Amino acid sequence: MALTGIQILKMLPKKNCGECKIPTCLAFAMKVAAGQSEIDECPYVSDEAKATIGEASAPPIRTVKLGKGDSAFTTGGETCLFRHEKRFENPTGIAVLVGTDMSDDDVAGRLERFNSMEYERVGVIMRANLIAVRDANGDEAAFTALVRKVIDTAPKAALILMSDRSGNLAAAAGICGDNTPLLYGATGDNAADMAKVAQETGCPLGVRGKDLDDTVQVAEELINAGLKDLVIDTGARTMKAALEDNIVARRSAINAKFKPLGFPTITFPCEMTDDAMMEAMIASVLMAKYAGIVVLSDLQGDILFPLLLEQLNIFTDPQRPMVVEEDIYPISGPGEDSPVLITCNFSLTYFIVSGEIEGSKVPSWLLIKDTEGLSVLTAWAAGKFGADLIAQFVNKSGIGDKVKHHELIIPGYLATIKGELEEELPDWSITIGPREAGHLPAFLKEWKPAA
Ligand code: SF4
């Protein structure tokens, strides 16, 4: 049962010291109740209160952590049905399958693609997160050898160990060290043995149900055995069934607080079709509707990249624009004769503008003014990118000491503030740059400091 802000406040030390970065205990309690702050952020709260509040304010979908360091992967922790209600917390993990029934070359190719396929978008590194290692024939030695190969070859991968045999999972988990794997999976037939291995190794356990009802039964058995970190597979192996199960599970957990389905889900598009494009399409549907992990049969750029873009779109916080720090950004090693440009701190603007400047090969200084993530025109209209604020920033930034000339290039969309800015910055001349970032290379190649 979730606690109210007032109930949480009663358990706080009420020092109103602000060390939690929130001015009063009451405001902090309200934020904890709303799931916007963690109780650990107050250094004075007792362990007992921490346990009580932590348990009561835990998200309805349990947070499950795998891996460590570069391979760290978190799934679950979700608190809402729709992204616009709050935000989705942890992006769907993309996994690739390798198995003991595959040839060495086949496995090596998949691992190579896992390692090499990495993309940068608006400053975010996007890549697949997990490798699912399947024990295809119950051979413990072959299974552990393959797990060892994956650990040695793909250090950024969190692992899903897949076997019907609890002993094989225990042996493979034993060589993973602190790269905590997901053990998959417990069924109605082997739940007790699997629970024992999960408890002994401290690893999260996957539930492999025959259908939704069976999944609930197995999950209840594991919860009663004391397990907390589960990941559920409802056994659906068609897109329609998997989509329906994901929705039922999320609604049951969020709306009805139904514990046996309050766990992230793992889905297997790789087992739903033999067609690579259809597999990608199924994965994209399941990512859009609540899959915690999607397991793919292989990784190819034309399949992985769109899935990663979808992941980026769904899991960015809709209430918080993506921003870069206010600062001076040197691009391509500028000197004292290099042009000085200014723009807003909306990430997309920064990456587009800096990319065009870099592409022009004209070394430049790019000033990024904090506009709270608003784009140029919106920021200007909101009073966050006016001449007075730009002048204050230019003066305090120290850019005047880095260049001999004092000429500032402003975005073309701010042409109307040129006169005002010249009044605010009497030591600088103001040049109106292009409206579109795509025209910057030609503009910069022609640019010369005013005599
Ligand atoms: Fe209150 Fe703790 Fe925050 Fe201090 S750190 S204001 S005691 S909640």
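The values are calculated or read from the model by the stated rules, or taken from the named source; none is laboratory data. Keep in mind it's a predicted model, so treat the numbers as computed, not measured. Positions of Cβ are backbone-derived with ideal geometry, glycine not excepted, and every protein chain shown enters the neighbour counts. Note: accessible area is taken over every heavy atom of the protein model, side chains too, but ligands, DNA and RNA are not part of it. Shrake-Rupley method; radii C 1.70, N 1.55, O 1.52, S 1.80 Å.
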Subject >> Of the criteria (1) touching a helix residue (DSSP H, G or I) at 6+ places or on another chain (Cβ under 7 Å); (2) open to solvent by 60 Å² or more (accessible area, probe 1.4 Å), which one Gln311 fails >> reply: (2)
Subject >> Top-ranked residue in the stretch 44-65 [being of a type in the set (Lys, Arg) and closer than 28 Å to Leu130 by Cβ; ranked as least open to solvent (accessible area, probe 1.4 Å)] >> reply: Arg62
Original post:
How many residues does the stretch 268-279 hold that are open to solvent by 10 Å² or more (accessible area, probe 1.4 Å), over 13 Å from Leu304 (Cα atoms), of a type outside the set (D, E, K, R) and in contact (Cβ under 8 Å) with a residue 24 or more places away in the chain?
Top reply: 2
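Collect the residues in the stretch 87-105 that are buried (at least 18 other Cβ atoms within 10 Å of the Cβ) and out of contact with any Gly (no Cβ under 6 Å at 6 or more places or on another chain), keeping them in residue-number order.
Those that are buried (at least 18 other Cβ atoms within 10 Å of the Cβ) and out of contact with any Gly (no Cβ under 6 Å at 6 or more places or on another chain): Phe88, Pro91, Thr92, Gly93, Ile94, Ala95, Val96, Leu97, Val98, Gly99, Thr100.
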Subject >> Restricting the stretch 106-123 to residues that are at pLDDT 95 or above and of a type in the set (Gly, Ala, Ser), the residue that is surrounded by the fewest Cβ atoms within 10 Å (Cβ to Cβ) >> reply: Ser116
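Quick check on this structure: which one of Ile282, Ile293 is in a strand (DSSP E or B), modelled with pLDDT of 95 or more and either under 30 Å from Thr100 (Cβ atoms) or open to solvent by less than 30 Å² (accessible area, probe 1.4 Å) (or both)?
One residue alone meets the criteria, Ile293.
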Original post:
Of the residues that make up the stretch 140-155, is at least one among the aromatic types (Phe, Trp, Tyr), touching a residue at least 24 places away in the same chain (Cβ under 8 Å) and farther than 30 Å from Ile352 by Cα?
Top reply: yes
**OP:** Look through the stretch 66-86, keep the residues that are open to solvent by 60 Å² or more (accessible area, probe 1.4 Å) and acidic (Asp, Glu), and return whichever of them is nearest to Ala198 (Cα to Cα).
**Re:** Asp70
Original post:
Could you count how many residues in the stretch 219-246 are assigned to a helix (DSSP H, G or I), touching a residue at least 12 places away in the same chain (Cβ under 8 Å) and open to solvent by 10 Å² or more (accessible area, probe 1.4 Å)?
Top reply: 6
Original post:
Which residues, counting only those in the stretch 1-36, are under 31 Å from the mean Cα position of the chain (by Cα), over 30 Å from Ala256 (Cβ atoms) and surrounded by fewer than 18 Cβ atoms within 10 Å (Cβ to Cβ)?
Top reply: Gly18, Glu19, Lys21, Pro23, Thr24, Leu26, Ala27
Original post:
Residue check: is Thr100 β-branched (Val, Ile, Thr) and closer than 28 Å to Ala253 by Cα?
Top reply: no
